[in-house]
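Each reported figure results from applying straightforward, stated rules to the coordinates on display, with no laboratory input. What you are looking at is a predicted structure, and each value in this text was computed from that prediction instead of being measured. Using ideal geometry, Cβ is built from the backbone for each residue, glycine included, and neighbour counts are taken over all protein chains shown.
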Amino acid sequence: MKHIISVLVENKFGVLSRVSGLFSGRGFNIETISIGPTLDPTVSQMTIVTTGDERILEQILKQLNKLIDVIKVTDLAEKEYVEREMCLIKVNAPAEHRAEALRIADIFRARVVDSSQKSYTFQITGDEKKISAIIELLRPIGIKEIVRTGKVAITRE
Amino acid sequence: MSSKEITGAEIFLECLKKEKVDTLFCYPGGVVLKIFDVLYGQKDLRIILPRHEQGGVHMADGYARSTGKVGVALVTSGPGATNVVTGLATAYMDSIPLVVFTGQVPTALIGNDAFQEADIVGITRPCTKYNFLVKDVKDIAQTIKEAFYIASTGRPGPVLIDLPRDVVTNKAEFHWPDHVDIRSYKPSVMGNKWQIKQAAEAIAKAKKPVAYIGGGVILSNAAAEVLEFAEITKIPVTHTLMGIGGFPGTHPLSLGMLGMHGTYYANMAIHNSDLIVAIGARFDDRVTGKVEGFAPEAKIVHIDVDPTSIRKNVRVDIPIVGDVRHVMVELNKELHHSKEPWDQIRKSWSKQIEAWREERPLTYEYADDVIKPQFVIEKLNEVTRGDAIIVTDVGQHQMWAAQYFKYDKPRDWLSSGGLGTMGYGFPAAIGAKVANPKRDVFCITGDGGIQMNVQELATAVENKIPVKVVILNNRYLGMVRQWQELFYQERYSSVDLGSTPDFVKLAEAYGAIGLRATKPSEVVAVLQEALKAKQTVFMDFVTARYEKVFPMVPAGASINEMIFGEEPKKEEKKLKAVK
Ligand SMILES: Cc1ncc(C[n+]2csc(CCOP(=O)(O)OP(=O)(O)O)c2C)c(N)n1
Ligand SMILES: [Mg+2]
């Protein structure tokens, strides 16, 4: 089962390695992880996407809570939440494919953030489904490179 | 610079005084010279120089386990720091409070592969409860305060503080924080009231309950509460290797140790129980055997300060997170209220347990011509009247020391349970003796284990720390040999220690006393002479080479599937007598 875990941590050096070391040392999976500052400069926000059965998930949550630098752990599966990911996609765009590439981008409201004579780079934001869908449609045209941020998520009010 | 400013090294010393540290196990080197200079000639601290940093950390560990206080060690950077890793991992696995200081290269050189640089904070992250790199002299006091707090609260553990050279040479004013508040670290102390009530009800309802106690009982000083609990409810008590002394070994309700080398009756009681009350224990694989086959009918109440211990290995019906002592106080209150006819309730279960006790008591076959290792432990128990601190290494001797000595008090048994560190025993015994100069401290070790930190003989002799060392000398890495005999078709690969050194001469070479026994008739005299001696003593007991530790649960089996020694069963004995 896939889970999104939101973790508030002290903004100190070494914290990322404590968290990632916890996962690697105990054989837990990390699918994606993203970290950024919060309104409080001493606190950072991590969003971790992981998989595992109920028992493993319980351990992950408890072990995260046990880390000295972890302030708060929330399993978003228990809440209503919005998740987003950003992805940059560089596609081959020779003359004969340019129109098609732009048409697909348009359907998904992707923005062109760079273009050259042979390529376009699109920026797309959305949930996992949307990003997978655009990648599938662009694949036949020829994707040169993909860079993804990993998920961020926030609870709904 | 104001005149009130002092160096980081001086701040370090002031902090140790504030934390009431009375003993420091430390080994010098380049980047910590400034600290050693401050230590020179001061009178408030006892300074013990081990002969190897690993020994130093085990000494601090022995000091901590035997007193409940935080053990403190200091070493240099690079090799000094890497030498403490085993000691930290040992303490971490057994939740022992230590604060270990390592020197570090100057902050400007960190990451440059400088001379004697090691990323010790990175290396020890998975084997410490927490660790710090101090980057500013102004942070030393706060860091040390937090380190002692983290090490000694919640589930205790070792904390490492890395001190770069410039941080201890720079100056700052000394401010000792009067309290610690770490927003992300708030260990739970009190257990949930409702859960405690549930547990009390389950205990009253149970027909076949067992209490299973672990190191948490020792760490939280809950032995008195556990005794009260058992005596109210007439519940039989079994303990783990780490829980030895948490309940009196001579008490009629004691089942002795459970698990891989536990007693038959403890394992049978657990296996057939309908309720297990786990108190400060963590269902380690050496205890549960095959998890799927563990106590199939039992409901489980689990009391532990560490929520991650709960439901890690086995299902739990009533979890109670909190300090073991606090929870037991509350649970006992609850049980006092319920006026159950406990004796009546337990009658048939006690009878069953007595039957198991009689069916398979803990025994070995005595011999006249050769010293059986179990015999030495029994005699040690008699000679000391059970009143001694026993510190062990790891192997067969450790299991015999657990089985055949009766421990009635907490903190009288010190052993590396979680990591199983050979080489732990002797230095830990030195640390225990330093902390308890009036007690008799015996190290029970093997011919293998003693050779892993034998250099500490110099420390013991030089500092007049009279530890008495019982070497059960089977000329083998006995425990490994036992597994090879039982499970590897007697292919004895790298276990024959052949001509072990002459331990008597070795002791004498260091200025200690060496004694030897080769016949059972000599055992008691050697133990008595050692007990009387005012110096460090090595006792070389030349024992039966092929003796094995029984009973035993083979790896992968359930704990009711035990194997026993060749000792003749009662019926067979009778048959032989008839012939
Ligand atoms: C540092 C370390 N290395 C290896 C082992 C594996 N090991 C466990 S028991 C044992 C044999 C110990 O031999 P000895 O000290 O003579 O004790 P005995 O079993 O013979 O009583 C070994 C090698 C260990 N526990 N620790
Ligand atoms: Mg041996």
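Give the angle, between 0 and 90 degrees and rounded to the nearest 10, that separates the Cα long axis of helix B:324-337 from the longest principal axis of the Cα atoms of chain B.
40 degrees
Which residues in segment B:186-201 have a backbone N closer than 15 Å to a point placed 7 Å from the Cα of residue B:317 along the Cα-to-Cβ line?
B:195-201
Determine the calculated [θ] at 222 nm for the protein assembly as shown from helices alone, applying -39500 (n - 2.57) to every DSSP H run no shorter than 4 residues and normalising by the residue count; nearest 500 deg cm²/dmol.
Computed mean residue ellipticity for the protein assembly as shown: -10500 deg cm²/dmol.
Measure out, as a whole number of angstrom, how far apart the alpha-carbon centroids of segment B:443-502 and segment A:1-65 sit.
One Cα centre to the other: 44 Å.
Please enumerate, by chain and number, the aspartates and glutamates with C-alpha under 18 Å from the C-alpha of residue B:205, excluding those fewer than 8 residues away in the same chain.
Excluding near neighbours in sequence, the set is B:231, B:274, B:297, B:317, B:334, B:340, B:343.
Which value results when the Cα radius of gyration for segment B:457-543 is divided by 2.2 N^0.38 Å?
This ratio for segment B:457-543 stands at 1.28.
With θ set to phi - 60°, apply the Karplus curve 6.51 cos²θ - 1.76 cosθ + 1.60 along segment B:517-530 and write out the HN-Hα couplings as whole Hz, x wherever there is a Gly or Pro.
10, 10, 10, x, 5, 8, 4, 4, 4, 5, 5, 5, 4, 5
What are the ³J(HN,Hα) couplings of segment B:270-283, residue after residue, when phi is run through the Karplus curve with 6.51, -1.76, 1.60 and θ = phi - 60°? Round to Hz, x for glycine and proline.
Per residue, the Karplus-derived 3J(HN,Hα) values read 4, 4, 9, 6, 9, 8, 10, 9, 8, 10, x, 10, 10, 6 Hz.
State the answer as a single residue: which of B:110, B:31, B:238 lies farthest towards the positive end of the charge dipole of the protein assembly as shown, with beta carbon charges of +1 for Lys and Arg and -1 for Asp and Glu, about the Cα centre.
Farthest towards the positive end: B:238.
Expressed as a fraction of 2.2 N^0.38 Å, the rule-of-thumb size for a compact globular protein of N residues, what is the C-alpha radius of gyration of segment B:428-467?
My calculation over the Cα atoms of segment B:428-467 gives 1.13.
Scale the Cα Rg of segment B:367-494 by the rule-of-thumb value 2.2 N^0.38 Å and send over the ratio, two decimals.
1.07
Please compute the net charge surrounding residue A:43, taking Lys and Arg as +1 and Asp and Glu as -1 over other residues with Cβ under 13 Å from its Cβ.
0
Under Stokes-Einstein, with the Kirkwood radius over Cα pairs standing in for Rh, what whole-number D in µm²/s applies to segment B:15-60 at 4 °C and 1.567 mPa s?
Value of D from the Cα-based Kirkwood radius: 115 µm²/s.
Report the label-to-label distance for residue A:100 and residue A:80 in nanometres (one decimal), using points 7 Å from each Cα along the Cα→Cβ vector.
In this crude spin-label approximation the distance works out to 4.2 nm.
Report, to one decimal in Å, the Kirkwood hydrodynamic radius for segment B:175-235 based on all distinct Cα pairs.
14.7 Å
How far is helix B:373-384 tilted off the main Cα axis of chain B, in degrees rounded to 10, range 0 to 90?
70 degrees
Please report the base-10 log of the normalised intensity I(q)/I(0) for segment B:413-483, using a Debye sum with one equal scatterer per alpha carbon and no solvent, at each q in 0.12, 0.18 (1/Å).
-0.32, -0.68
Would you mind working out the magnitude of the charge dipole of the protein assembly as shown relative to its Cα centre, with +1 at each Lys and Arg C-beta and -1 at each Asp and Glu C-beta, to the nearest 20 Debye?
Result for the protein assembly as shown is approximately 700 debye, rounded to the nearest 20.
Could you give the length gained by full extension between residue B:509 and residue B:169, i.e. 0.36 nm per residue of separation minus their alpha carbon distance, to one decimal place?
Gain on stretching residue B:509 to residue B:169: 118.4 nm.
Taking the Cβ-Cβ separation of residue A:157 and residue B:274 as r and a Förster radius of 51 Å, what is the calculated FRET efficiency to the nearest 0.05?
In this case the efficiency is close to 0.60.
Counting Lys +1, Arg +1, Asp -1, Glu -1, what net charge surrounds residue A:112 among other residues with beta carbon under 13 Å of its beta carbon?
+3
Mind pulling up the Rg/Rh value for segment B:190-303? Radius of gyration and Kirkwood radius, both on Cα.
0.93
List the pair-distance distribution P(r) of segment A:78-157, using every Cα-Cα distance, as the percent of pairs falling in each 5 Å bin from 0 up to the bin containing the longest distance, rounded to whole percents.
All Cα pairs, binned at 5 Å, distribute as 3, 15, 27, 23, 13, 8, 6, 3, 2, 0 percent.
Please give the contour-minus-distance gain from residue B:207 to residue B:363: 0.36 nm per residue of separation, less the Cα-Cα distance, rounded to one decimal in nm.
That works out to 53.2 nm of additional length.
Given H placed 1.01 Å from N in the peptide plane, which residues other than close sequence neighbours of residue A:144 have an amide H under 5 Å from its amide H?
Those lying under 5 Å, H to H, from residue A:144 are A:90, A:91, A:92.
Please list, in chain and number order, the residues 5+ apart from residue A:43 or on another chain whose amide H is under 5 Å from its amide H, with Hs placed from the backbone.
The list, which skips near neighbours in sequence, is A:11, A:38.
How high is the FRET efficiency from residue B:107 to residue B:297, r the C-beta distance, R0 60 Å, rounded to 0.05?
Using R0 = 60 Å, I get an efficiency of 0.50.
State to the nearest 20 debye the size of the charge dipole of chain B about its Cα centre, where the only charges are +1 on K and R beta carbons and -1 on D and E beta carbons.
Charge dipole of chain B: 1080 debye, to the nearest 20.
Mind checking the log10 I(q)/I(0) for segment B:8-143 at q = 0.12 Å⁻¹? Debye, one equal scatterer per Cα, no solvent, two decimals.
These q points yield log10 I(q)/I(0) values of -0.43.
Given the alpha-carbon gyration tensor of segment B:113-215, what are the semi-axes of its equivalent ellipsoid in whole angstrom, ordered largest first, with each equal to the square root of 5 times an eigenvalue?
42, 18, 9
First obtain the Kirkwood hydrodynamic radius of segment A:37-83 from its Cα pairs, then insert it into the Stokes-Einstein equation at 4 °C and 1.567 mPa s, and state the resulting D in µm² per second as a whole number.
So the translational diffusion coefficient is about 106 µm²/s.
Cα-Cα pairs above 48 Å in chain B: how many percent?
Result: 14 percent of Cα pairs exceed 48 Å.
Go from 0 up to the bin containing the longest alpha carbon distance in segment A:1-139, width 10 Å each, and give me the % of pairs per bin.
For segment A:1-139, the pair-distance distribution reads 10, 34, 24, 20, 11, 1.
Roughly how many Å is it from the Cα centre of segment B:373-408 to that of segment B:241-290, as a whole number?
Cα centres, segment B:373-408 to segment B:241-290: 18 Å.
Starting at the first residue of segment A:84-98, write each ³J(HN,Hα) from the Karplus equation 6.51 cos²θ - 1.76 cosθ + 1.60 with θ = phi - 60°, in whole Hz, x for Gly and Pro.
Result, rounded to whole Hz: 9, 9, 10, 9, 9, 10, 9, 10, 5, 9, x, 3, 5, 10, 4.
Using modelled backbone amide H atoms (1.01 Å from N, in-plane), which distant-in-sequence or interchain residues come within less than 5 Å of residue B:47's amide H?
Hits under the 5 Å cutoff: B:24.
Mind checking the log10 I(q)/I(0) for the protein assembly as shown at q = 0.05, 0.12 Å⁻¹? Debye, one equal scatterer per Cα, no solvent, two decimals.
One equal scatterer on each Cα of the protein assembly as shown leads to -0.31, -1.36.
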